[in-house]
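Engineer: Provided herewith is a single structure, encoded as C-alpha cells, for subsequent inquiry.
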Amino acid sequence: MVVAPRPPAPPTLPERLATLVTLAGQLCLDLVIEVRRQPGAALTWAIRYDAPGAPPPAEQRGRFDSLGTALDAVTVAGALHGLHQRALRAPAYLVIPDGPPSPPTTDDLDVQRLEKRIRTYDEPAVRGAQAIWRDGRWWHTKLRLSGPSGSDAGRCVRDREPPEPSWQGPSIPYVDCPDCATTSSNGLPPRCRTCRGARRSYLGTVVTITDLDGQVMHLNWLADPDRPLRLSPVALQPDGTPVVALPSHYRLAHWAHILGVRPEHLTELGTSAPVDPGSRDGLIPLADATDDPLTLHLSRLSAGRPAARLLVRSPLPDAPTLAELIRLVHGLGLALAVTVEVDQRRDGFSLRTRGEGWQVDVLRVDQADRFAPQRPYHPSLASAVAACYAYLELAIASTVPTDPRQPIPVPQSSATSIAPDDPEGMIRQLGRRHPGQPVTAILTPTGCHVHT
C-alpha cells in the first residue's frame, strides 16, 4: 500500500498577513489595506502594494466583503498587480535602507483587531479608510472625497499621510519630458511613448531585484549631466547607428550572474513581463554622438514605472542547501570555506545597498590555515551556495595536488561529518561581531576554523 504524503496545511490569516507585510518592508513599498463605502452603503475591502506618496486610485480593485476574505484571496502577485499605473507619478526617491525591516509583532498580525481598528474610521460622511504598513507599523487614515476644483476633484484623498519612510533617500532628479504634448485630441494627457505618461524624464532609477523569498537587493543608479559617459561603439545597427555597452554595474545581466540566476529569467514584478534585452544587457544605440548613454538608459528604465523604480524578480537558485553541500564536500575529503561580511554602514547613493555579502569556496583540508578569501559579493548565502555548486566540478579539480606523491582523498560517506545541520545562523552571528570585515568559517570533516 502506498500512502500519499499529507499536503501542508494552508497558511492562516495571520501568516498570510505576515508574508505581505514582510515583503513590503523588504521591497520598500507600502502595504495598503483599504475599505470603501460603495453605492448602497456596502463596505468592500482591498489589499495592494503601493509606492509612498501615490494617491488612492479612483476605483477600488478586488472588492471583498471582509478583511479575512481579502487575505484569503489576495496573493503577492495580486497585491502587486497594477502598481505601475497606481504609482506612475508618485514622488521618486533613492532607496537607502538603514538595515533589515522590523518584523511584525503578534499584535500587528491580529486580523480581527486590525479590521476593527480600520472600521472605527468608517463614518457616514467618510468614503472609506486605510491602514498602511510602513516602517514596521500600521498607520491609519480616513478617505474623503476631494473638493469640486483642482486636479484631484471628486477623487478619494487621505485625511493625512504617514511620515516619510526611513529608507527614503534624496529625490531622483528629472527634467520635463521633451516629447510630451500638452493635450491630445480628446483633451486628456496623451500616452507619451518616451515617458509613458509620467510627464518626466528621470536622470536616475532604483532597481530592486528579489526572489520574493527573502533575498532583496536595491541598486541606486544616477546619471551626472556634467560628466557624461564617453564609450566606444561595440557594434553597429543595420542603419549604421553605433551601439555602446554600459559598464557592468549598470547591466541587469551582471547582477543576475552574481545572484546565480540566468539573466533571461528576470521578470518585472507586477506584470511578469520579461526584462527586455536592451535593459538587461546595457546596450544603448546612440543616434547622436553627443548623447550620454547612461542618461538614455536610466530614462528608459524609469519610464512608465512606479516612482521611477524597476522591480525585478529573480527565480530561486536551483541548488542544495548549505548543509547538503557540506556533507557532499566532506564526503570527498575536502573542506568548505564560508565567508560573510556584514556592512558596518550603508553604501553611497550610487552603489547598491549590500547589507551582507557571502562567498562559498571548496579547498583541501591542508589549505585551511593559509586560505585567503576575497571580499564576498553574493547578496545571500543561497546565491553563494548556488554559485559554488554550479562550478563544483572545477573547484574539485583545482584541489588535486600538483605533487604526484601526495595522495588524493578517497570519496566516502559523509556520515562522520561533525558540521551542524544549519550553520548559517552561527556564521552570520560571527559576521555581525566583526562588521565591515570578512569572516570565514572553514568547515572540515573534523572541525571548524574561523578566520577574521
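The values are calculated or read from the model by the stated rules, or taken from the named source; none is laboratory data. Every value quoted in this text rests on a predicted model; they were computed, and no experiment measured them. Virtual Cβ from ideal backbone geometry, glycine too; neighbours counted across all protein chains shown.
Engineer: Out of the residues in segment 127-178 meeting the condition of being of a type in the set (Gly, Ala, Ser) and assigned to a strand (DSSP E or B), tell me which one is modelled with the lowest pLDDT.
Structural biologist: My answer is Gly128.
Engineer: Counting just the residues of segment 38-79 that are outside any strand (DSSP E or B) and polar (S, T, N, Q), which one comes out nearest to Gln26 (Cα to Cα)?
Structural biologist: Thr75
Engineer: Still on this structure, I have one more. Determine whether segment 254-262 contains at least one residue that is of a type outside the set (A, V, I, L, M), in a strand (DSSP E or B) and at pLDDT 90 or above.
Structural biologist: Looking through segment 254-262, none of the residues is of a type outside the set (A, V, I, L, M), in a strand (DSSP E or B) and at pLDDT 90 or above.
Engineer: Follow-up question, since we're still on this one. Would you confirm whether or not segment 103-113 contains a residue that is within 26 Å of Glu268 (Cα to Cα) and assigned by TED's automatic domain parsing to the domain that holds Ala129?
Structural biologist: Within segment 103-113, one or more residues are within 26 Å of Glu268 (Cα to Cα) and assigned by TED's automatic domain parsing to the domain that holds Ala129.
Engineer: When segment 75-114 is examined, which residues are found to be within 24 Å of Arg16 (Cβ to Cβ), hydrophobic (A, V, I, L, M, F, W, C) and either out of contact with any Pro (no Cβ under 9 Å at 6 or more places or on another chain) or at pLDDT 95 or above (or both)?
Structural biologist: Those that are within 24 Å of Arg16 (Cβ to Cβ), hydrophobic (A, V, I, L, M, F, W, C) and either out of contact with any Pro (no Cβ under 9 Å at 6 or more places or on another chain) or at pLDDT 95 or above (or both): Val76, Ala77, Ala79, Leu80, Leu109, Val111, Leu114.
Engineer: Which of (1) in a helix (DSSP H, G or I); (2) touching a residue at least 60 places away in the same chain (Cβ under 8 Å); (3) out of contact with any strand residue (DSSP E or B) (no Cβ under 7 Å at 6 or more places or on another chain) is the odd one out, the single condition Gly304 does not satisfy?
Structural biologist: (1)
Engineer: A further question follows. Inspect segment 263-278 for any residue being at pLDDT 90 or above and surrounded by 20 or more Cβ atoms within 10 Å (Cβ to Cβ) and give the result as yes or no.
Structural biologist: The answer is no; no qualifying residue exists.
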